[in-house]
Amino acid sequence: MRTDIFARLDREPEPPKIEPPRMSRHRIALFCGTLAFYVAIVVAVLVSSWLVTLDWKVMLFRPYQQWPEFHAFLDYYIVLGQRGPTATMVACWLGWRSWRQHTMRPLLTLGASLLLLNVTVGAVKIGLGRLGPHYATQIGSAELFAGGDIFPSGHTANAVVTWGILAYLATTPRARRYLSAVSAIVSLGVGLTTVYLGTHWLSDVLLGWAAGLLILLSLPWVEPLITRAEAWIFAQREALRGRGRPVPSVPVAAGGPRTVVLPRPVGATAEPSVLEPVAAGGHAATTTGTVTGARSRAHSAAPSHLVRSERTPVTPAGSRRPPHADRTPRGGTAPARPMSGG
């Protein structure tokens, strides 16, 4: 049974050295060209040019009525452009990559791209206020500044950014090429699906593609901020770990001095307990403090490392019985008794 197929589930022993994409001349040229295309579409809609006329022709053609057999499938396919489901799926994948590679860069890059998407696309939506095809009021009108939020297409821009971020974070050129092709196909299909369902104008989709591509092309400019944010997060994590760790105790070397509490001898006056270092052999080390005579005699009489219950009892010399006047000591000569009578 092969077990190497589970090898990629383990964490890598060391973080891989992944070089983020740089802002090369080729990327700058693409960014400038996409930005010019973005501005051209906005201007064309503002002046109600031929692009607005094309929007109305496609809308009146009603593709969902021309090919109704695709309607059920495209209702599910459009989910690939919704913010909530797509962001959750991609965040789970990038979260696993972050855990495996010991880095927060994938998740931080996704968060930065979605933040840029909300700010840029949302600002243009609210500023232009274009109504969608289902809410149009006048044929041939651009339906701008009417309180709508349809221009550019959020589904299309979100599909470009969410799926394109996988290609941006790819670690090999081969994976980057394949993921770029997949993300382009998905975002192209999502944009055309919104036109088929009649929820967006064709110009909304064109501007959505340009808006998402601008965010992907500008991500190398955000990489220094992502690096600083990652360093700050790791620093906060280490600070929290250090705050919860107990203070390590200093071990005592073998044969080194240790501190013991000496017992108070019987009959000595009550004094504060004195801590004296005792060497490995059990004898008290010489101290510079003053010790009373009774305490010094007690220390010299018994080893200080023994407690009172462990000392050998001392048998007192002689008998404990009180002396008696009529009793003759052992081994002595009895006194002469007086003779009675004659």
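The values are calculated or read from the model by the stated rules, or taken from the named source; none is laboratory data. In this text the structure is predicted, and so the values were computed from the model without any measurement. All Cβ positions, glycine included, derive from the backbone under ideal geometry; neighbour counts span all protein chains shown. Note: areas computed on protein heavy atoms with side chains; ligands, DNA, RNA excluded. Shrake-Rupley method; radii C 1.70, N 1.55, O 1.52, S 1.80 Å.
Below, the figures for the structure above:
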| read-out | value |
| --- | --- |
| Å³ per residue enclosed by the Cα convex hull of segment 1-153 | 188 Å³ |
| Net charge over other residues, Cβ less than 15 angstrom from the Cβ of Leu207 (K, R count +1; D, E count -1) | -2 |
| Sparse-neighbour loop sites [trypsin sites (Lys or Arg not before Pro); segment 168-241; at most 14 other C-beta within 10 Å; DSSP] | none |
| Computed over segment 164-220: relative contact order in percent, which uses C-alpha pairs under 8 Å that are six or more apart | 28 percent |
| Proportion of all alpha-carbon pairs of segment 95-149 beyond 19 Å (%) | 52 percent |
| Accessible-area composition of segment 123-199, carbon plus sulfur, in percent [1.4 Å probe] | 66 percent |
